[in-house]
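Q: Please see the structure below; I have some questions.
Any read-out appearing in this document is the output of simple, stated calculations on the displayed coordinates, not a laboratory observation. Note that the structure is a prediction, hence the values are computed from the model and not measured. We place every Cβ from the backbone using ideal geometry, glycine too, and count neighbours over all the protein chains shown.
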Amino acid sequence: MRESNTNSTAYVRKFSFRPFEGFRRGRVYRLAAVSWYWWIHQWERSRAIKILIGFLLFTFVLMNMFILTFRDLMLINPYTGEAISPNQLLEDTILQMIRGIVSFGMTFTASGDTSNGFSEASFNVGGTSIFILILVVLVGSGLISDDISNQTTEIYYSKLERHEYILGKFGAFFIFGNIVLTLPYVFEFFLLVIGIGEIDLITALPVFVHTIVFTELITVTYSSIVLAFSSITRRRLYAGLSAFMFLFVANMIVTSLAFTGGEVGLEILFDVLTVLLLSSYILTGTTTVRLQGFYEVNLTDGVGLESWMILGALGFYILIGFLIVVVQVYWRHGK
Amino acid sequence: MEAETIITESLTKFYGKIRGIEDITVRIPSGGVGFLGPNGAGKTTFIRTLLGIIRPTRGRAQVLGYDIRHEINQVRDRIGYIPEFNTSFIPDTTAMKFVAFCARMNGLSYAESKQRASDSLFYVGLGEERYRKLATFSLGMKQKVKLAVALVHDPEIIICDEPTNGLDPTGRVQMLELIRSLQTDEGKNVILSSHLLRDVEQTTDYAMVISEGKIRAEGNIKELTANRRSTVSVKVKTKTEELLHALEKRGMEVWIEGAFIEVKTNPDVEKEIFKTAFQIGADIRYIGSRSSTLEDVFVSLFKEQEAPIQ
């Protein structure tokens with residue numbers, strides 16, 4: 001290690017100290033600055049994150065080539081032989097794509113939907129969701145735990161309020177979520193509009209809004225859970241593994257229940273990813289969903305699983321995750 | 001510049017039932033102030049309370065006229081803080097990026113933060129290393145990065161909590177020199193918290209002694225040391241005990257330290273000693289004055305502490 005210049009004290013007077021006479025920015029600027037820095041730092045520090053984001057972009061390109069090649073075939077329902085309108089194809093494709101972010105096996109489909117089945121078989125659905133989950137864990141697991149292990153919190157707390165620190169961390173994840181989830185799928189929406197052609201944009205507007213709302217909902221849910229795990233340990237590895245297991249294992253259990261033909265009831269609420277997936281159906285007004293195409297679940301009949309339970313469970317997970325972060329930052333890190 | 005930078009009134013912090021600081025009422029003057037006390041005395045708790053990192057249990061404090069309960073963000077923008085913790089920062093980022101990031105947390109624009117980060121790193125002697133990753137920095141270099149972080153937003157007060165911890169002698173000298181120059185050349189108010197008496201003595205003019213969460217003494221270091229125990233040491237060939245008693249009879253404050261009789265200084269002390277020694281027939285082998293140091297003050301305070309204070 002070279003320290004030759006620091007062994008002399010001559011430098012002390014070499015550079016005089018320049019007083020700051022500028023204007024100090026407000027709290028919002030500071031919040032945006034810390035969020036951006038913490039996100040950029042995650043991007044810069046990990047080669048795996050760059051590779052995974054590159055891979056996701058590549059799958060987008062691949063998927064669109066596939067869609068454009070088979071466009072004409074897709075406009076006919078292979079099961080019924082009926083024609084599908086371009087708007088319907090757009091809706092089926094983009095909704096299945098965004099639902100695929102939180103589904104490894106695509107365990108649910110809307111009952112009686114007019115999908116031609118293309119989306120369920122596409123490379124994206126159930127394929128890239130695992131990579132997105134890994135990416136989420138890689139980015140989020142170190143956001144708070146690294147600060148604890150590096151003891152940088154003391155510097156941050158001497159400059160920021162605790163709530164600004166928390167919002168900054170969520171902000172960093174939010175930037176990541178928008179870059180990796182929302183923006184690509186919004187872009188994909190327009191690519192599909194161009195690729196499929198003859199789309200009535202006014203009719204397609206609710207689909208567009210749902211694309212934004214649902215990807216943001218995924219970002220909020222993931223951020224809440226991953227940051228909660230990050231705040232309770234000083235090791236990013238433990239935080240990442242715990243978050244991954246919490247999301248992945250529960251999802252596998254629910255899927256395996258479906259495959260073994262078991263009755264799927266309220267235990268579904270323990271699976272965050274399935275709850276997220278079902279909330280997409282609820283937000284688009286679907287009342288009956290089919291589990292793996294076999295078991296129908298009516299979400300509004302007052303029996304068993306209901307819409308309010310799903311939305312309540314989702315809100316509960318988000319709230320609990322957020323509360324864990326708040327309690328950790330205010331209580332544990334404050335000592 | 002205000003005459004007093006920090007004013008506290010009954011500032012108290014309890015961690016559950018454990019006392020951090022209790023009823024600290026001080027008026028810290030501008031310039032350099034040493035905050036002295038053994039480990040666990042409450043120095044860091046006091047500093048963290050002033051910065052709003054922890055909330056006081058009771059009491060009030062003002063920093064540069066801003067109340068820490070209601071105007072803590074104004075306080076933070078005016079204080080540069082070098083934490084005690086052996087932080088490893090963000091290991092895989094460069095010093096330049098980290099310091100600039102800290103400047104942005106204090107509200108500096110992107111361009112200004114980069115410029116000032118560069119200036120600050122040059123100022124602390126890390127100009128050449130500013131684009132190196134922090135993971136490759138030695139402990140001494142990391143301490144300087146902390147100083148750059150504290151300086152980058154041009155605060156009026158710089159609080160250094162144990163800034164020489166873990167530094168080798170050269171690094172220690174450099175760090176203290178930097179801190180001293182911040183006071184003398186740049187006109188900053190520096191609060192140096194340390195359990196190392198020499199550090200405080202070398203860098204500040206005013207000292208406060210804290211122990212068990214309470215302020216035990218405060219004042220100008222020269223006055224503290226002068227008032228306490230400036231002595232004259234006397235060594236005699238024989239009759240040490242006789243001389244001791246004879247000096248006591250004359251109303252002088254004396255005690256034995258090893259082979260020497262220590263006599264508390266007064267204007268005619270040497271004359272009195274020679275006169276008394278001549279009267280009892282003691283041969284003086286050595287006589288010389290000994291200036292008391294802050295260490296003497298510190299030791300005497302903690303001897304006194306065995307008896308209840310306040």
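Q: Using the Karplus curve 6.51 cos²θ - 1.76 cosθ + 1.60 with θ = phi - 60°, work out ³J(HN,Hα) for each residue of the stretch B:79-85 in order, rounded to whole Hz, and write x for Gly and Pro.
A: Values per residue, Gly and Pro as x: 10, x, 10, 9, x, 6, 4 Hz.
Q: Just tell me how shielded B:97-108 is by partners: mean number of partner chain Cβ atoms within 10 Å of each residue's Cβ, no decimals.
A: Mean inter-chain Cβ contacts per residue within 10 Å come to 6.
Q: Using the Karplus curve 6.51 cos²θ - 1.76 cosθ + 1.60 with θ = phi - 60°, work out ³J(HN,Hα) for each residue of the stretch A:309-317 in order, rounded to whole Hz, and write x for Gly and Pro.
A: Ordered by residue, 3J(HN,Hα) equals 5, 5, 5, x, 5, 4, x, 5, 4 Hz.
Q: Ordered by residue, what ³J(HN,Hα) values in Hz, to whole numbers, does the stretch B:189-206 give under the Karplus form 6.51 cos²θ - 1.76 cosθ + 1.60, where θ = phi - 60° and Gly and Pro are x?
A: Going residue by residue, I get 8, 10, 10, 10, 9, 7, 9, 8, 4, 5, 4, 5, 4, 6, 10, 10, 9, 10 Hz, with x marking Gly and Pro.
Q: Relative to the first principal axis of the alpha-carbon coordinates of chain B, what is the inclination of helix B:240-249, with its axis defined by its Cα atoms, in degrees from 0 to 90 and to the nearest 10?
A: Once rounded, the angle reads 80 degrees.
Q: Would you please put A:90-98, B:49-57 in order of how densely packed they are, using the mean number of other Cβ atoms within 10 angstrom per residue and starting with the highest?
A: Per-residue mean Cβ counts within 10 Å order the peptides as A:90-98, B:49-57.
Q: Per residue of B:119-130, how many C-beta atoms from partner chains lie within 10 Å of its own C-beta, taken as a mean?
A: 5
Q: Below 20 Å, Cα to Cα, which lysines can B:Lys275 reach? Residues fewer than 8 away in the same chain don't count.
A: Counting by Cα, and skipping residues close in sequence, B:Lys275 has these lysines nearby: B:Lys235, B:Lys237, B:Lys239, B:Lys249, B:Lys264.
Q: Which value in deg cm²/dmol, rounded to the nearest 500, describes the helix-derived mean residue ellipticity at 222 nm for chain B, given -39,500 (n - 2.57) per DSSP H run of n ≥ 4 and division by the residue count?
A: Details: 11 runs with 117 residues, N = 310.
Per the formula, -11500 deg cm²/dmol.
Q: Within 10 Å of each Cβ in peptide A:147-157, how many partner chain Cβ atoms are there on average? Round it to a whole number, please.
A: 6
Q: Here's another thing I want to ask about it. Output the antiparallel fraction of DSSP beta bridges having both residues in the protein assembly as shown, as a percent to the nearest 5.
A: 70 percent
Q: How many times 2.2 N^0.38 Å is the alpha carbon radius of gyration of the protein assembly as shown? Please list the in-between numbers first.
A: Working: Rg = 34.4 Å, N = 645, 2.2 N^0.38 = 25.7 Å.
Rounded to two decimals, the normalised Rg is 1.34.
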